[in-house]
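Values in this text are rule-based calculations from the coordinates and carry no lab data. None of the values given here were measured: they were computed from a predicted structure.
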Amino acid sequence: MMWQWGAMGWVGWLLMALVMVGFWALVVFGIAAVFRPERRIGTGSEPHGDDPARLLDARFVRGEIDVEEYRARLKALRSTR
């Protein structure tokens, strides 16, 4: 009888188990990727949405603009609203 020790052996069974674990890991990863919230490519610290004041706040926090420029731009934003 070939099935007792012949064709598969312990290496074959180990390989088959690893392939099955890898398959289920891919399935779980795929499901998680479908239901994960969308993320923007970039620094990751930029707020979502179109609110210019929040974008200006984020730029100030990151140090891209100084205090004077922040205040001037914030004043300009508030005057247009």
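Per 0.36 nm of contour for each residue apart, how much would the distance between residue 25 and residue 8 grow if the chain were fully extended, relative to their Cα-Cα spacing? Walk me through the numbers on the way to the answer.
Details: separation 17, 0.36 × 17 = 6.12 nm, distance 2.39 nm.
Extra length available between residue 25 and residue 8 comes to 3.7 nm.
When the chain is fully extended, how far beyond the present Cα-Cα distance does residue 17 get from residue 51, taking 0.36 nm per residue of separation? All intermediate terms of the calculation are to be shown ahead of the outcome.
Numbers: separation 34, 0.36 × 34 = 12.24 nm, distance 5.14 nm.
So the chain would gain 7.1 nm between residue 17 and residue 51.
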